[in-house]
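Remarks on the structure that follows.
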Amino acid sequence: MKPIEFEGNVSSCSFTYTRTREGPNYFVSHYKGSTQGHIDPKECWRVLGTAKFTDSGKALKEWCLEMHDTYVTQKTDNLDNTGRPDTSFASDVEAEPTDNTKMVV
């Protein structure tokens, strides 16, 4: 998948978000000569240290949370722990309980 770049990237400080088909989506941060991978958007933002309170740090936080909300919630909607759609009897299905029953005569 093609990584999504943060708009405020410069040569010494860059952040990307990579979407994957299988497994979790992740952020890659390059700051002060160190490159790290993050799954949590707040961990990506915390790499900046005290610089996270600047205007560009706040913009990075908004971008990280927007990427996470946009793509992770789409990926995990209506999935159970195994990654398959939850169609069990106890799931929150908006159907009447007698829709899939037959009357025995």
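Annotations for the structure displayed:
- Qualifying positions in segment 54-105 - hydrophobic (A, V, I, L, M, F, W, C) and modelled with pLDDT of 65 or more: Ala59, Leu60, Trp63, Cys64, Leu65, Met67, Val72, Met103, Val104, Val105
- Extreme residue, surrounded by the most Cβ atoms within 10 Å (Cβ to Cβ), among residues of segment 1-23 that are under 17 Å from Asp69 (Cβ atoms) and touching a residue at least 40 places away in the same chain (Cβ under 8 Å): Phe15
The values are calculated or read from the model by the stated rules, or taken from the named source; none is laboratory data. A quick note: this is a predicted structure, and the numbers were derived from the prediction, not measured. Because the Cβ atoms are built from the backbone with ideal geometry, glycine has one as well, and the counts that use them run over all protein chains shown.
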